[in-house]
1. If you check V63 against the conditions, is it under 13 Å from the mean Cα position of the chain (by Cα), more than 23 Å from Q1 (Cα to Cα) and in a loop (DSSP other than H, G, I, E, B)?
2. Every residue in region 26-36 that is within 16 Å of the chain's Cα centre (by Cα) and open to solvent by less than 50 Å² (accessible area, probe 1.4 Å), please.
3. How about region 1-22: which of its residues are aliphatic (A, V, I, L, M) and open to solvent by 40 Å² or more (accessible area, probe 1.4 Å)?
Amino acid sequence: QGQFVESGGGLVQPGGSLRLSCIGSRIYFENRDMAWYRQAPGEQLRLIASIRYTMEESYVRSVRGRFTISRNNAEETLYLQMNDLKPEDTAVYFCNTNPSGGGEWGQGTLVTVSS
């Protein structure tokens with residue numbers, strides 16, 4: 001079963017930036033469509049950005065233009081560059097395959113946007 005380890009979260013002020021990383025293992029990373037998901041307090045887990053094995057990117061409207069997903073297949077690592085962060089971006093962020101289920105959910109990384 002594949003596994004993911006997310007990192008890079010933290011406390012940031014509105015308008016700030018963070019870069020999240022996710023290392024995947026045992027999932028044949030380079031052949032998989034991957035995605036970032038987030039779960040805000042009291043809400044369901046939602047997919048927010050995806051990148052196909054072909055490098056085609058897709059974003060939900062709420063993060064489009066502010067977030068950039070990327071991947072390094074040689075290092076089996078998925079990234080999420082987050083700029084112009086807003087309080088509503090506060091959530092635990094996870095990575096997984098797209099659709100999810102290609103690996104066990106990791107612990108996620110907490111992003112808190114607050115002044």
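The values are calculated or read from the model by the stated rules, or taken from the named source; none is laboratory data. Worth saying up front: this structure is predicted, and the values here are computed from it rather than measured. Quick reminder, even Gly has a Cβ in these numbers, built from the backbone with ideal geometry, and neighbours come from all protein chains shown. We work out accessible area using only protein heavy atoms, side chains counted, and drop any ligands, DNA or RNA first. Shrake-Rupley method; radii C 1.70, N 1.55, O 1.52, S 1.80 Å.
1. Details: under 13 Å from the mean Cα position of the chain (by Cα): yes; more than 23 Å from Q1 (Cα to Cα): yes; in a loop (DSSP other than H, G, I, E, B): yes.
Yes; evaluated as a whole, the condition is true for this residue.
2. At the first step, the residues of region 26-36 found to be within 16 Å of the chain's Cα centre (by Cα) are 29, 32-36.
Answer for region 26-36, where residues must be within 16 Å of the chain's Cα centre (by Cα) and open to solvent by less than 50 Å² (accessible area, probe 1.4 Å): F29, D33, M34, A35, W36.
3. First, the residues of region 1-22 that are aliphatic (A, V, I, L, M): 5, 11-12, 18, 20.
Hits for region 1-22 are V5, L11.
Yes/no per residue for (1) over 12 Å from C22 (Cα atoms); (2) open to solvent by 30 Å² or more (accessible area, probe 1.4 Å); (3) free of Cβ contacts under 8 Å to residues at least 40 places away in the same chain:
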residue	(1), (2), (3)
G42	yes, yes, yes
R46	yes, yes, yes
E56	yes, yes, yes
N73	no, yes, no
N83	yes, yes, no
S100	yes, yes, no
G103	yes, no, no
S114	yes, yes, no
